[in-house]
Amino acid sequence: MNYENIENSSLPCGDGFYYPAIQACCKSQIYTPGEEGCCNGKVYALSDQSCCNGDLYPNNENGSQCCDGHLYAFVDKCSKRCSDYDYKICNDHCCRYTDICCGENCCSSEFVCCGEKCCTINENCCGKLCYDTRYQYCASDNKTICNKGQVFCGGKCLETGSVCVEQISNPISYIKIL
């Protein structure tokens, strides 16, 4: 077989030549990266299969992942050691074992779960909202956050110096003391 380049930019692969800018060689087979892969000398379609530790596996709806040379289905990988962390299932997704499940989120252990949100170390929950305890407080309705120094009245936060007079019938009136 004559392995002279067909063009200056081609390289030999098996009985033919390939163009490295758009193709690759897998043992003696030419393939198209991005559409196909090479697994232990075998060309395969990336849309149909995955390569893990030199073996081909069919792709599935669970989103299998090769981790540390082993193939794990999405649910299984949560319970196996993968990367630097152990995982657990949390609302159909993986969280580290030390994390707290918080709705659709994973909160690290130094956070507080507030509804579906992770609050930081200086925050607390007010209903389903996080507030910064250094500068804010949770109003008596447990859903409104006011700045420290403000007064909560009639479902609203009023500025310091305001006095709240809540009438028995609507509307609520606010009187400012000078």
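Determine if segment 127-147 includes at least one residue that is closer than 24 Å to Cys90 by Cβ and either part of a loop (DSSP other than H, G, I, E, B) or touching a helix residue (DSSP H, G or I) at 6+ places or on another chain (Cβ under 6 Å) (or both).
Restricting attention to segment 127-147, the residues satisfying the condition of being closer than 24 Å to Cys90 by Cβ are 127-130.
Adding the requirement that they be either part of a loop (DSSP other than H, G, I, E, B) or touching a helix residue (DSSP H, G or I) at 6+ places or on another chain (Cβ under 6 Å) (or both) leaves 127-128.
Yes, segment 127-147 has at least one match.
With respect to the numbered conditions (1) in contact with a Ser or Thr (Cβ under 8 Å, 6 or more places away or on another chain); (2) among the hydrophobic types (A, V, I, L, M, F, W, C); (3) more than 28 Å from Cys90 (Cα to Cα); (4) at pLDDT 80 or above, which one is the sole condition not fulfilled by Ile177?
(4)
Out of segment 20-53, which residues are surrounded by fewer than 15 Cβ atoms within 10 Å (Cβ to Cβ) and either of a type in the set (Ser, Thr, Tyr) or touching a Ser or Thr at 6+ places or on another chain (Cβ under 6 Å) (or both)?
Ser28, Thr32, Ser47
Check Phe17, Phe74, Phe111 and return the single one that is surrounded by 14 or more Cβ atoms within 10 Å (Cβ to Cβ), at pLDDT 80 or above and out of contact with any Cys (no Cβ under 7 Å at 6 or more places or on another chain).
On the way: Phe74 fails: at pLDDT 80 or above; Phe111 fails: out of contact with any Cys (no Cβ under 7 Å at 6 or more places or on another chain).
Answer to the selection: Phe17.
The values are calculated or read from the model by the stated rules, or taken from the named source; none is laboratory data. This structure is a prediction, so every number in the text was calculated from the model and none was measured. Reconstructed Cβ throughout: ideal geometry from the backbone, glycine too, with neighbour counts over all protein chains shown.
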